[in-house]
Each structure stands twice: as C-alpha cells, then as structure tokens.
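These notes concern the structure reproduced below.
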Ligand SMILES: Nc1ncnc2c1ncn2[C@@H]1O[C@H](COP(=O)(O)OP(=O)(O)OP(=O)(O)O)[C@@H](O)[C@H]1O
Ligand SMILES: [Mg+2]
C-alpha cells in the first residue's frame, strides 16, 4: 500500500477485513528516509461474530525489507510475547492480510551499536526468522521535557521496531515441557535431530557470511511445532567478525558461553556459536542445562567438572594473553557418564566434537550437519519427502529412533496446542498428517560452503525429488 492511495486502502481494508474504522486520525504526512510511526492510533471495530470489540489499529509508515519500498502498515498490537535485555516483543495482527507477526521494539541507545537491523536485512534463509518491515517510533521523553532543560537533554526517545514473521514457540518453552513432565520425559532423539540440524543449517549459513550470532540459546531458537521448523532469532548481539578487529568478550548468555569468552578472549571466531550449540544439544538430551554456572567464574567450574581442567596448550588456544591463574585440577568425565545410558553413541560423539576447549578443533556447522547423528534425517525418503506423513505414536517418544532399526520416523512432531503433559505436546494420530520441514532445499551458496561434503549433505534418494 503506497502513501498516496492510503485513503482508498482504508476502505479496502474495511471491506476485505470487515473492519469498521471509528476514529481515523490525521493522514500520514509522508515518509522520511527511514520508516516512522507518523500516525499513532485509531480505533476500529472488528465486524466479527463476537460483540463489537473495540480494538486499536496502529498505523505505521514502514520500510518493506523485500521490496525496499515505503509503505503504510496497519496492525493491531496483541499480547507481549517476550521481553529481553534489549527489547520487548509483541504479537500483532496485520490488518491487510489478517496475518500474525511479531514486533520487536528496541530502544535506540547511542552508546551501543545496534547491528540487528543491518544484519537481519542481509539474511535470507529458511532457518532464520524473516524480517518483513521495520520502522522507528519516536516518543517524547517525559523526564527531559519536564524539569529545567540542561544542554544535551534529549526530548524524545527513538525505538526501532522490527516486524518479523511470528513463530508460536521457542526451543526453551518446548524443552521446559519435557523437563517439567511427570517422569522428566526427555525430548525424543528424532526431534532433537530435527531441531539441532536446522540450528546447524542456520549457523552454517550465517558463519559463511562471517556473521557470529553470539547469543545462541534455546530462547533464541523459535519453533513452529506444527511444521517442525526451527528459526534462529535475536541478532541483537550478532556481529560480522573481522579477524583484524577485537571484540568484546562479555557476550553470550552465561550457560552457553564458550570457555574462550570466559578466559577473556577478544579475537574469537564463530566457533563460540558452535560451543553454545553444543550446550543447547546437551540440554535437549538431558532436559537440564549442561553447564549451569551461577557466575562467570562458576561457569568455568561447571565446564571443568565435565570436561576436566584445560591443558596449558588448550588455554593458550582459547586466549594467548590469559595470565595463568590456578584452576582446580579435575579429570575429564566420559560424556557417556554425564548423559543417560540410552544416549546414542552418535549423539555423544557429536557433543564431544562441539564441546572442544580448543576453538580451532571444534567441528564447524556444516561438518556437524553431515555428522552420522543426523543420518536418520537423510536415510528415509518417507522422512525427507515434503509430502511425507508422520507415523505418529505418542508412545514412540520413549523409543530411540537413532538406533539402526529405525528407518522411518516414529516420532510425531510436537503440537503446541496441548501443554498438559509432554505426550500431549506431540501430534497425536488423530491430528492430520504434517510434513516434515524441508531440510535439503539448499541454495547454491549453501552448496558452496564445503563442496567436498555435498555428497554427504544430500540424501541418496534426493535426486529423485529434484
Ligand atoms: N519472531 C518471533 N515470533 C515469536 N516470538 C518471538 C519472535 N521473536 C522473538 N520472540 C520472543 O521474544 C523473546 C525475546 O526476543 P529477542 O530474543 O529477539 O529479544 P531480546 O530482547 O534480544 O532478548 P534477550 O536479551 O533476552 O536475548 C524470544 O525469546 C521469543 O520468546
Ligand atoms: Mg533473545
């Protein structure tokens, strides 16, 4: 919808969406260089079956990320779905297409460089949350407008609003269901494979662009349990890493913080995300955080309790400038003792490769994707076919489909509708069949990351699908 035909579009909206605008305020005055909220709020009534609910429609002048055009967007703000260190995320409904989106509002603070918008605009991947529009909202700063004026007082605050596709769950919320379930029922291995694979696919893509996410954690992994799609979100800490530049070490949420960051490294690599991914996988396998440190230094203690004290050489690889301090001398445990005995050999092997002290020895994201742990995803056309229906049986969630016998998926996809018990979080046989998400629709760029791995990356039966 362009600015010029906004009035006729109003009528269009009213007709198409059964919305009656009650108090339209002044028309937008036109767009500046950046999209902006120029016409705050008007009221309307949804002409629904329900008795005339009054809802507030917000009109914002936004930039459409796909087309680069300035457009007007009418939306109804709904519930708050998240609030983090930097922003608040709301669910909202777009009036024009009756579509649900997520709007992340972040205060623009000149003291910190916000790279989220710039990075999100460049990303285009099935496992990265899509940024649709963005705009700026200016709000009078009451503190600054009251009281006596001092030089440098700001009279308004600016909020960047990122309008993104909406995803109903996070890996955090789904894994908590498992942790809280009656018998602490772990996430089925096939589902762990499905989600971890998509995380690595997102990381292989972002890392090949030189972008390090720096805050990989279950809360930043969005899920649509109906489709099984995982998408990486929250690029608020992300940065394109330049080996010639130093970076802050105090980054990444504690439980998932790579040891080189705890050792204060400032010239780290994208391997910090791989460590975090290893922590996420450990958490999914055991339904509890793998390294639950209570402080930055305790975080290191938690890691050492499992992986043993790092050697001098490993410390030098993490941070050559680290002034050696006495660390508790602890021997490494075998991961098979850390995790339940039902954990497959492949799962243990992959976690060991992700959780290497020496960042240069850590497996890369694309290497992780071809690890035998994920072979099950590639092994069966039924599982990989876009039209495959799920052989769904809630009881299968306790079986280990990673065993060689499992050639077809027995694990149903999680279902966000039921939250009473973990078995209810999976699609039941009474639900319509849902296809697994596309896992092998690689772009040319993805196939160029490590061409030598392409034969392993693409399932043998894949040719038949192309
Ligand atoms: N596109 C989305 N769809 C649905 N929910 C979302 C979406 N984006 C974010 N959320 C929810 O909002 C929460 C906070 O979003 P985000 O991580 O981007 O903000 P943040 O302020 O940077 O958070 P934090 O500092 O805690 O990492 C997410 O954990 C998730 O629960
Ligand atoms: Mg976050």
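The values are calculated or read from the model by the stated rules, or taken from the named source; none is laboratory data. Bear in mind that the values here come from a model prediction, so they are computed numbers and not experimental data. Glycine also receives a Cβ, built like all others from the backbone with ideal geometry; neighbour counts cover every protein chain displayed.
Miscellaneous remarks
- Residue 269 meets the stated requirement of being more than 15 Å from ligand 1 (Cβ to nearest atom), over 22 Å from residue 175 (Cβ atoms), in a loop (DSSP other than H, G, I, E, B) and touching a strand residue (DSSP E or B) at 6+ places or on another chain (Cβ under 9 Å).
- Qualifying residue in the stretch 181-191 (condition: within 14 Å of the chain's Cα centre (by Cα) and buried (at least 18 other Cβ atoms within 10 Å of the Cβ)): no
- Test: residue in the stretch 188-200 that is touching a residue at least 60 places away in the same chain (Cβ under 8 Å), under 16 Å from residue 275 (Cα atoms), within 16 Å of ligand 2 (Cβ to nearest atom) and in a helix (DSSP H, G or I): yes
- Among the residues of the stretch 225-255, those identified as within 11 Å of ligand 1 (Cβ to nearest atom) and either in a loop (DSSP other than H, G, I, E, B) or free of Cβ contacts under 8 Å to residues at least 60 places away in the same chain (or both) are 233, 234, 235, 236, 237, 238, 252, 253.
- Flag if residue 222 is touching a helix residue (DSSP H, G or I) at 6+ places or on another chain (Cβ under 7 Å), closer than 25 Å to residue 270 by Cα and in contact (Cβ under 8 Å) with a residue 40 or more places away in the chain: no
- Checked against (1) part of a loop (DSSP other than H, G, I, E, B); (2) modelled with pLDDT of 95 or more, residue 392 passes all but condition (2).
- Filtered residues of the stretch 336-357 (kept if assigned to a helix (DSSP H, G or I) and surrounded by 19 or more Cβ atoms within 10 Å (Cβ to Cβ)): 347, 350, 351, 354
- Total residues in the stretch 71-104 satisfying the condition of being in a strand (DSSP E or B), in contact with a strand residue (DSSP E or B) (Cβ under 6 Å, 6 or more places away or on another chain) and more than 8 Å from ligand 1 (Cβ to nearest atom): the figure is 16.
- Of the residues screened, residue 214 is one that is within 16 Å of ligand 1 (Cβ to nearest atom), surrounded by 24 or more Cβ atoms within 10 Å (Cβ to Cβ) and either farther than 17 Å from residue 81 by Cα or modelled with pLDDT of 95 or more (or both).
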